[in-house]
Structures are given as structure tokens and as C-alpha cells.
Amino acid sequence: MRADKQTSWSYTEALPTEDEVLIRARERSFELGVSAVSSGVGAALTVLAAASKATTVVEIGTGAGVSGVCLLRGLGRNAVLTTIDSDVDHLRAAREAYAEAGIPGNRTRTISGRAAEVLPRLTDAAYDMVFIDADKPSFPLYVNQAVRLLKRGGLLVVNDALDHGKVADPAVREATTNTMRKVGKAIRDNEDLASALLPTGDGLLLAVKTT
């Protein structure tokens, strides 16, 4: 990345101002060893949630609630976030963040379990938005499930799509990098999706279900 582009990226990532709720959620993320979304991605999630006018959202990978708070702040008052994580400590921390953000309990549904087992139990074409930020080896499965879950016009958001900048370097053949390349290609080649890759954070891959 040229120096001016790196400066611009750093500037945009530092631009969002986060309040005490998100700061505390990030502190809990650090304590739990969870990688929270960047401030730039968090701001983008709020904007995307608001622009989509989604009322039903699935989040794969709860973490300590940073991304969930960002999503909920963009969603309407009647929208519900269903978030899935296999770690009960993560879910507990996320619920704490939601409460501190003033989110009513009936607007969140936290599900403890492996996403690969939970997602097939969710209803086809019932969700307006799916956000994926979990274990990279399972991303292909999560993307397939997300496409099934989305309504027509629904929005898919995949975090860490550039795998720390390695996806763009053909010389890098690490397993996670190859997985993210395959995910990106599968989404681009899917005729039911219109997609775009943004450099926000570590890469934010967006796709809208068109049929």
C-alpha cells in the first residue's frame, strides 16, 4: 500500500468516535481474548444496518458484543438480532454490552452453540441481514447457510475478507487465506448475489441477494 493510501486507511479507521459502552465492550473483548471488529467496521455496520432497514438479523460470532451493539444501533426499534456463539462467556459479555447500551432484552436472541449446528435450524428466507465474523475455516459453510437464510434483497456481510491483507498476495498460500479467496470467489460467482469488497477494517465483503 502506498504511504498516502495507508495514511488514508488509518485516518478512516480512526475517524469514528466510540462511547463508553463500546470502549467497555472492547475491554471485555481483550480480557476474553476476542478480536473485536475495528472502529471503522463497527461504524460501517451501523450504517449498513440502518440503510438496509432490516428487522431480522443473524450474527455468526458474537464476541463480546462490540459488533452487536453497532448493528443494533443502526436497526429500527422493532428489529431483532439473533447472535450465535459457542462460548457462554462471550454471550454473557455481549448481553452486558447490550444492557449498557440500553437495548431492550426482547430485541436480542443469544444462542449458545456451534453455528454449524444452529444455522440449519433457522428458517429459510426469513432474515434481512447476516453478519459473519467467526472461525474462518467454517466461512464457506456459513456463507452457504447465510444465502439460504436471506430474503430477497437481504444483505450478507463478511468480516476479515482480506485475511490481514494476504488475500491479495498470490504468493501467500496459507489455509485461512485460501479459504477467504474461495469465499470471495464463491460470492462473486453466485448469480443470485450482487457483491462488493470494501477495504474497511481487514476487508468487508458485501453481497445482496437479488433473487
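Jot down the radius of gyration and Dmax of the chain, Cα atoms only, both in angstrom.
16.2, 48
For the stretch 71-193, what are Rg and Dmax over the alpha carbons, in angstrom?
Considering the stretch 71-193 through its Cα atoms, Rg and Dmax are 15.7, 48 Å.
Cβ under 9 Å from residue 97's Cβ, residue 97 left aside: what net charge do those residues give with Lys, Arg +1 and Asp, Glu -1?
Here the count lands on +1.
Which number comes out as Rg/Rh for the stretch 36-112 once both Rg and the Kirkwood Rh are worked out on C-alpha atoms?
Taking Rh as the inverse mean 1/r over Cα pairs, Rg/Rh reads 0.92.
Report, for the chain, the % of DSSP beta bridges that are antiparallel, rounded to 5.
Of all bridge pairs located within the chain, approximately 35 percent are antiparallel.
Tell me, what HN-Hα J-couplings in whole Hz come from the Karplus equation 6.51 cos²θ - 1.76 cosθ + 1.60 at θ = phi - 60° for each residue of the stretch 172-189, using x for Gly and Pro?
7, 10, 5, 4, 5, 5, 4, 4, 5, 5, 5, 4, x, 5, 4, 5, 4, 7
Accessible area of the stretch 21-82 with a 1.4 Å probe: how many percent of it is carbon plus sulfur?
Using a 1.4 Å probe with all protein chains present, the stretch 21-82 comes out at 58 percent carbon and sulfur.
Set the Förster distance to 25 Å, then compute FRET efficiency between residue 23 and residue 135 from the Cβ-Cβ distance, nearest 0.05.
0.45
Under a 1.4 Å probe, what is the accessible area of the chain per residue, stated in Å²?
Per-residue value: 49 Å².
Could you give the nm distance between label points at residue 87 and residue 107, where each point is 7 Å from its Cα heading toward the beta carbon?
The two pseudo-label positions are separated by 2.6 nm.
Among 29, 138, 38, which one shows the biggest mean-square fluctuation in a GNM of the chain, springs joining Cα atoms closer than 10 Å?
The residue that fluctuates most here is 138.
Using R₀ = 41 Å, calculate the FRET efficiency as 1/(1 + (r/R₀)^6) where r is the Cβ-Cβ separation of residue 13 and residue 191; round to 0.05.
That pair, residue 13 with residue 191, gives E of 0.75.
The values are calculated or read from the model by the stated rules, or taken from the named source; none is laboratory data. All values reported here derive from a predicted model rather than from experimental measurement. Note that each Cβ is placed from the backbone with ideal geometry, even for glycine, and that neighbours are counted across all protein chains shown. For accessibility, only protein heavy atoms count, side chains too; no ligands or nucleic acids. Shrake-Rupley method; radii C 1.70, N 1.55, O 1.52, S 1.80 Å.
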